[in-house]
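Just below is one structure, and these are the notes that go with it.
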């Protein structure tokens, strides 16, 4: 995890969901908006900062997928891989904002191209990890994700979001 | 805001909502669960750390209610007081967690009694600020809040959560 005192390279916000639905393409003219959805699982909002290195990603994915924050039927906390549950990844650059007066500034955020590259690799790594896990493959759980740069229109249904912040 | 490098006294996570519904008392026997709900507005998840001082609260409320994160019909960002919009406050101690191996630890969180006191005063201050604002009073917007210590069963509908983290 990020040492306190230095600027993190990435920030992830985790919430547990029973069901979540995310717009991945807005409506345009006669074409309806496109959505992805997941049943029970983990919502990962992710934001990368300037200087974030892709070497960070495997460790980041390993931490997020193995930290025990998902509740079983018996009230025990296990990882999302062990639940097993679905994953919804939401690019959320606003998470990198800092208050300046009455506005937020995003000077520490990674640039758009760099951020997109990191986000895409992050999504790919999560997808691979889930696919490589036999419990997840058997249960048929999936990774879904939002479109980088879009407005993340989200509908979230929880049994307690159990919100956690993890910096890297 | 908290200087980087020192432990914050409080952490607030902000999301914009079109509608949100939060359980404030779970079902018990034949008695149905009790919920509060808000229409368009701001969801504030809040967590206090050890050493948080109640002197902090007025500044904290002032920042959260005046930072320009709420979108008008025209796409301009204004404060929740200027929108004007509703506020849903959710006590979320999990926001204070730190990763240790595969588990989260909450050693930095304020104690339960202290946390409840800070939370109650925070809710009261937000309620007073909204009531004292003529725009909010005219629009009939409200402050609703979760029950400290309970599971925060939440249903959230957004047009983009526009998630922001602010530490104090």
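Since every read-out is calculated from the coordinates, none of them should be taken as a lab result. Nothing here was measured: the structure is a model prediction, and the numbers come from that model. Cβ atoms come from the backbone with ideal geometry, glycine included; neighbour counts cover every protein chain shown.
Here are some notes:
- Shortest-first distances to equivalent copies, position residue B:116, nm, label 7 Å out along Cβ: 5.2
- Förster radius 30 Å - calculated FRET efficiency between residue A:106 and residue B:50 (Cβ-Cβ, nearest 0.05): 0.50
- For chain B, built as a Gaussian network whose Cα springs stay under 10 Å, the top-fluctuating residue of B:27, B:132, B:93: B:27
- Gyration tensor verdict on the stretch A:33-93 (Cα atoms; rounded if a/c is under 1.5, prolate if a/b is larger than b/c, oblate otherwise): oblate
- Entry note, the stretch A:22-168: relative contact order of 31 percent, from Cα contacts under 8 Å with a spacing of 6+ residues.
- Each listed q (0.19, 0.23, 0.27, 0.32 Å⁻¹) maps to a log10 I(q)/I(0) for the stretch A:11-54, found by the Debye formula over equal Cα scatterers with no solvent: -0.76, -0.84, -0.91, -1.06.
- Spherically averaged projected area of the convex hull of Cα atoms, chain B: 11.3 nm².
- Of the residues B:67, B:31, B:143, the one that moves most in a GNM of chain B with alpha-carbon contacts below 10 Å is B:31.
- Pairs of Cα atoms in the protein assembly as shown fall into 10 Å distance bins, from 0 up to the last occupied one, in shares of 5, 26, 37, 25, 7, 1 percent.
- Remark: spin-label model distance residue B:6-residue B:120 equals 2.8 nm, labels positioned 7 Å along the Cα→Cβ axis.
- Taking label points 7 Å from Cα along the Cα-to-Cβ direction, residue A:76 and residue A:59 give a separation of 3.0 nm.
- The protein assembly as shown, helix-only ellipticity at 222 nm - DSSP H runs n ≥ 4, -39,500 (n - 2.57), divided by all residues, nearest 500: -7000 deg cm²/dmol
- Max mean-square fluctuation residue, GNM over chain B, Cα-Cα springs under 10 Å, options B:37, B:71, B:55: B:55
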